[in-house]
Amino acid sequence: METKTKDLWVFIETNEDGSAKNVGIELLNPGKDLAREQGGELVAVVIGHNTTEAVKAAAAHDADKVIVVDGTEYESFTTDAYTNAMYHLVTKYGPTTLIIGATQNGRDFGPRLSCRLKTGLTADCTGLSINEETGDIAWTRPAFGGNLMATILCSDTRPQIGTVRPGVFKKGAETAPHAEIINEEYHVDESDIRTKLLKVIKDAAEEAVDLEGADIVVSGGRGVGSAENFEKVIKPLASVLGGTVGASREAVDAGWISHAHQVGQTGKTVAPKLYIACGISGAIQHLAGMSGSDVIVAINKDPDAPIFSVADYGIVGDLFEVVPLLTAEIKKLKG
């Protein structure tokens with residue numbers, strides 16, 4: 001597709017109540033700098049129903065324009081409706097870049113859209129920058145099972161499209177809204193929507209674990225050794241800190257804790273103010289999910305564990321001795 005502008009678009013996915021999901025607002029933060037470097041504007045694209053709050057949120061986080069498609073057919077996500085709407089917008093306005101949150105919905109309709117537009121898509125990214133030689137977006141993502149990080153360019157086709165994991169970037173500060181609001185009247189005929197949402201069954205465990213929104217995460221790995229030790233050692237520290245319990249893939253695969261707690265390439269990407277890794281060696285798959293944390297504390301008895309390479313503070317010791325002492329001292333400090 002031929003581009004008509006140098007604008008960078010960010011898709012703002014909405015919740016059931018029409019508010020914006022965090023990932024879209026997070027992506028506006030790097031988006032504003034990337035748009036400037038491309039020589040274009042930052043455009044937020046909101047598709048949904050009763051989207052007033054989502055539009056306000058996008059406008060308050062540095063969007064230059066907000067394009068809105070609102071209709072009852074977009075109240076529940078369907079691949080057909082969302083793909084048709086975004087395809088209409090992209091072909092009409094011709095942006096050079098489109099960034100989508102790597103949520104379940106984003107991972108669904110992003111590839112469908114790129115195929116229809118006959119362009120590439122870089123999935124599940126954890127980093128964004130501009131390639132100085134070509135001016136293309138440099139999309140960074142885990143590759144080869146997470147054993148290395150690859151940087152991918154889409155030089156031959158436009159728009160450049162990528163999905164980016166939630167939690168990789170942090171929301172920018174709210175600013176005085178200056179965005180131009182563009183309301184697009186685009187409706188998809190019911191006969192063109194081949195799937196229909198009949199019922200939503202929510203996992204109680206997923207509902208209770210908000211890793212991506214937590215300010216403090218205490219994670220356990222293979223070194224924790226059992227589900228019982230998560231209860232006795234990891235959860236008390238998270239509780240006294242007012243944090244959330246996380247886990248490595250090894251701990252989840254062992255059945256010690258549910259997948260809802262998993263941090264890493266195949267789990268959640270988190271960026272809390274404090275991340276405490278207990279008995280986690282630090283495989284690249286895990287680091288991809290938590291290296292953006294403000295402060296990282298590692299507790300491991302192996303002084304050569306890779307986790308110490310990203311930790312701000314490291315404690316070489318037995319977690320079964322260190323963590324209970326740490327929990328007790330924090331309790332004392334809190335009175």
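Miscellaneous remarks
- Filtered residues of the stretch 91-108 (kept if of a type in the set (Gly, Ala, Ser) and more than 12 Å from Thr5 (Cα to Cα)): Gly101, Ala102, Gly106
- Flag for Glu2 being among the charged types (D, E, K, R) and open to solvent by less than 20 Å² (accessible area, probe 1.4 Å): no
- Residue list for the stretch 276-287, restricted to those being out of contact with any helix residue (DSSP H, G or I) (no Cβ under 6 Å at 6 or more places or on another chain) and open to solvent by less than 20 Å² (accessible area, probe 1.4 Å): Ile276, His286
- Residue in the stretch 97-115 that is crowded, with 16+ Cβ neighbours inside 10 Å, more than 22 Å from the chain's Cα centre (by Cα) and at pLDDT 95 or above present: no
- Which listed residue, of Phe230, Phe308, is of a type in the set (Phe, Trp, Tyr) and open to solvent by less than 40 Å² (accessible area, probe 1.4 Å): Phe230
- The single residue among Glu174, Glu185 that is over 30 Å from Tyr87 (Cβ atoms), at pLDDT 90 or above, assigned to a loop (DSSP other than H, G, I, E, B) and open to solvent by 80 Å² or more (accessible area, probe 1.4 Å) turns out to be Glu174.
- Test: residue in the stretch 140-158 that is at pLDDT 95 or above and surrounded by 23 or more Cβ atoms within 10 Å (Cβ to Cβ): no
- Meets criteria (open to solvent by less than 50 Å² (accessible area, probe 1.4 Å), in contact with a helix residue (DSSP H, G or I) (Cβ under 9 Å, 6 or more places away or on another chain) and under 29 Å from Ser291 (Cβ atoms)) for Gly71: no
- When restricted to residues that are in a loop (DSSP other than H, G, I, E, B) and closer than 19 Å to Glu180 by Cβ, the stretch 1-43 contains 7.
The values are calculated or read from the model by the stated rules, or taken from the named source; none is laboratory data. None of the values given here were measured: they were computed from a predicted structure. FYI the Cβ positions are ideal-geometry reconstructions off the backbone, even for glycines, and counts take in every protein chain you see. SASA here: full protein model, heavy atoms, side chains in, ligands and nucleic acids out. Shrake-Rupley method; radii C 1.70, N 1.55, O 1.52, S 1.80 Å.
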